[in-house]
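Inspection log for the structure reproduced underneath, given as structure tokens.
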Amino acid sequence: MSTAGARPDNLPSKGRAFVGLLIVGLGTVIVPLDTSVNIAFPDITDHFAIPLPAIQWVVISYVLIYVSLMLVFGKLGDLFGYKRIFLIGLMLSALAFGLCGLAPAFHWLLLARGLQGLGAALVLSCGPALATALFSEAQRGRALGAYTMMFGVGAAAGPSLGGIMVQTWGWEAVFWFRLPITLLALGAMPLLRPAQGAKRTGSFDLFGAVLLALGLGALLGAMNQVQSSLLNAFVIALLGIVALAVFGWREIRAPEPIVPLAVFRRLDFTMLNVVNSLVNLVGFSSMLLVPYYLVRVTDYSLTVSGLILAAGPLGLAISAPLGGWLLSARPWASRLALLGAIMVGVATAVMGAWAGRSDMMILALPMLVQGIGLGLFQVCILDVVTARLDIKDRGVAGSLAMVTRTVGVVMGATCLSLLFATLSRNAAIGGLNEAAAFLSAFQATFFYAGAGLLGCLGVTLLRPRLWL
């Protein structure tokens, strides 16, 4: 663990620290609440009279920007203060929610979503650093556990709240309802002391920041193009690889690098970040395909289906603070991360055994276990990355964990969709009807995803010190 860098001596009292954590959580929750937008896709499509494939740009214009810029903003937080960057993120988010709700045309909605992505990148890049700055190093695990829990609560509540908002006020409400939450967090920001993420000296590598954002954005954009044009995907990916290669060459020589690449010379650290992407790739399977299973295979109502889908985020919200408490009691971060990853793999493979209309508990239980595994894994990986980078790089550390997590989710959307489509097509060619082909492809996709993750974890055990 790196111990360099000065930590503020004037930490707030327990009461003020708890209030500060609630403020950071309130500001952060507006990002995972974006899961509410998915439920509004049909209404947005009808309102703007756009073809169905065009709706993907509502997601792409948002995700590409916030993922590609998170590490850059994390560095800005390290240099100019986490509170300042977080505050700017809340202000831009508030403006973006208003512009999204007022968008007169689809292209204006996409521009507003891009601005929302910018705000989300600013908020997420400094959220973990702000949370840990409120507590002593001995309580870092609990702070990160509580932070991860609030993130999970937002993700769990998003679809249900979105459904209510769309049904009552229309698609615009999935943006409007987050505006008062953002304004409330903004109003409470003065309660956070300036010492929580104070400004320090140092230079900012603007050209390196451009290269990093271009590289990450291009690689994520290439994933989106895989199913439509392999040639486009290859060209865009090549551009991203070149940009990241030049970025790496520059950072090695930079006096104040955006990302301290020296830490990646440690194979264990690099492998943990790769595993972070793999676990979230597999964990995204339930959010991607289970909704279609509930509609096509079962006859559950929307209410019951919503409860089943909420089991995963609920498990994450339960296990994250538990994981944070365990981390504060014992230095078990890597071992708990391995346990969480195994739970994700096993639960995902079990979902591949679903057949026909199953009992609600049979469906909800593996979803819950998968969510518990994700919660344990995410809080532990966040703790490991935070611990292994210098304390002055807390913004970069939190951003790195968030970026590798989101890359896994984007990869999951691409790879799992491609695998499912291929298996479904092969099943139909083999003579199965549409319903049977869907179920066969669903079962195989989940089995391969879960078993594949467990296989990769087995390979990492050849280097057991990774999890010690």
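Structure data summary
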{"read-out": "Pairs where the first residue, in segment 75-91, is outside the structural domain of E251 (by TED's automatic domain parsing) and outside any helix (DSSP H, G or I) and the second is small (G, A, S) and modelled with pLDDT under 90, C-beta under 8 Å, 6+ apart", "value": "G81/G197; G81/A198"}
{"read-out": "Checking Q227 against (1) farther than 30 Å from G356 by Cα; (2) outside the structural domain of G373 (by TED's automatic domain parsing), the condition it does not meet", "value": "(1)"}
{"read-out": "Any chance A156 is within 28 Å of W325 (Cα to Cα), at pLDDT below 80, assigned to a helix (DSSP H, G or I) and in the same structural domain as I85 (by TED's automatic domain parsing)", "value": "yes"}
{"read-out": "Single unsatisfied condition, G170 versus (1) within 24 Å of L336 (Cα to Cα); (2) surrounded by fewer than 22 Cβ atoms within 10 Å (Cβ to Cβ)", "value": "(1)"}
{"read-out": "Cβ-Cβ under 7 Å pairs, at least 6 apart or on other chains, segment 115-134 side farther than 14 Å from L33 by Cβ and of a type in the set (G, A, S), far side at pLDDT below 90 and not in a helix (DSSP H, G or I)", "value": "A129/G197; A133/Q196; A133/G197"}
{"read-out": "Criterion: within 20 Å of L122 (Cα to Cα) and modelled with pLDDT of 90 or more - qualifying residue of P194, P180, P190", "value": "P180"}
{"read-out": "Residue within segment 431-450 that is under 24 Å from the mean Cα position of the chain (by Cα) and modelled with pLDDT under 90 present", "value": "no"}
{"read-out": "Some residue of segment 195-203 being over 30 Å from A364 (Cβ atoms), hydrophobic (A, V, I, L, M, F, W, C) and not assigned by TED's automatic domain parsing to the domain that holds M343", "value": "yes"}
{"read-out": "Single residue of segment 88-145 satisfying the filter (among the polar types (S, T, N, Q) and under 16 Å from F18 (Cβ atoms)) that is surrounded by the most Cβ atoms within 10 Å (Cβ to Cβ)", "value": "T132"}
{"read-out": "Verdict on I50 being part of a helix (DSSP H, G or I) and β-branched (V, I, T)", "value": "no"}
{"read-out": "Count of segment 201-218 residues which are surrounded by 12 or more Cβ atoms within 10 Å (Cβ to Cβ), touching a residue at least 40 places away in the same chain (Cβ under 8 Å) and either aliphatic (A, V, I, L, M) or not in a helix (DSSP H, G or I) (or both)", "value": "8"}
{"read-out": "Filter result for N273 (buried (at least 16 other Cβ atoms within 10 Å of the Cβ) and in the same structural domain as L376 (by TED's automatic domain parsing))", "value": "yes"}
{"read-out": "Residue among L71, L144 that alone is closer than 22 Å to G217 by Cβ and assigned to a helix (DSSP H, G or I)", "value": "L71"}
{"read-out": "Condition broken by W249, with the remaining ones in (1) farther than 30 Å from T422 by Cα; (2) in contact (Cβ under 8 Å) with a residue 60 or more places away in the chain; (3) hydrophobic (A, V, I, L, M, F, W, C) satisfied", "value": "(2)"}
{"read-out": "Only one of G373, G395, G352, G356 that is in the same structural domain as G312 (by TED's automatic domain parsing), in contact with a Cys (Cβ under 6 Å, 6 or more places away or on another chain) and in contact (Cβ under 8 Å) with a residue 40 or more places away in the chain", "value": "G395"}
{"read-out": "All positions within segment 1-47 that are modelled with pLDDT under 85, within 23 Å of I381 (Cβ to Cβ) and not aliphatic (A, V, I, L, M)", "value": "S2, T3, G5, R7, T35"}
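Yes or no, residue by residue, for (1) closer than 20 Å to F204 by Cβ; (2) in contact with an Asp or Glu (Cβ under 8 Å, 6 or more places away or on another chain); (3) not aromatic (F, W, Y):
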| position | (1), (2), (3) |
| --- | --- |
| Y82 | yes, no, no |
| L87 | yes, no, yes |
| C100 | no, yes, yes |
| F106 | no, no, no |
| L110 | no, no, yes |
| G114 | no, no, yes |
| L122 | yes, no, yes |
| A131 | no, no, yes |
| L134 | no, no, yes |
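Matching residues to (1) within 15 Å of S125 (Cβ to Cβ); (2) crowded, with 17+ Cβ neighbours inside 10 Å:
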{"residue": "T35", "(1), (2)": "no, yes"}
{"residue": "H47", "(1), (2)": "no, no"}
{"residue": "I55", "(1), (2)": "no, yes"}
{"residue": "V58", "(1), (2)": "no, yes"}
{"residue": "Y62", "(1), (2)": "no, yes"}
{"residue": "I65", "(1), (2)": "yes, yes"}
{"residue": "S68", "(1), (2)": "yes, yes"}
{"residue": "F73", "(1), (2)": "yes, yes"}
{"residue": "Y82", "(1), (2)": "yes, yes"}
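The values are calculated or read from the model by the stated rules, or taken from the named source; none is laboratory data. This one's a predicted model, so the numbers in the text were calculated from it and none came from an experiment. Neighbour counts are summed over all protein chains in view; Cβ atoms, including those assigned to glycine, are modelled from backbone coordinates with ideal geometry.
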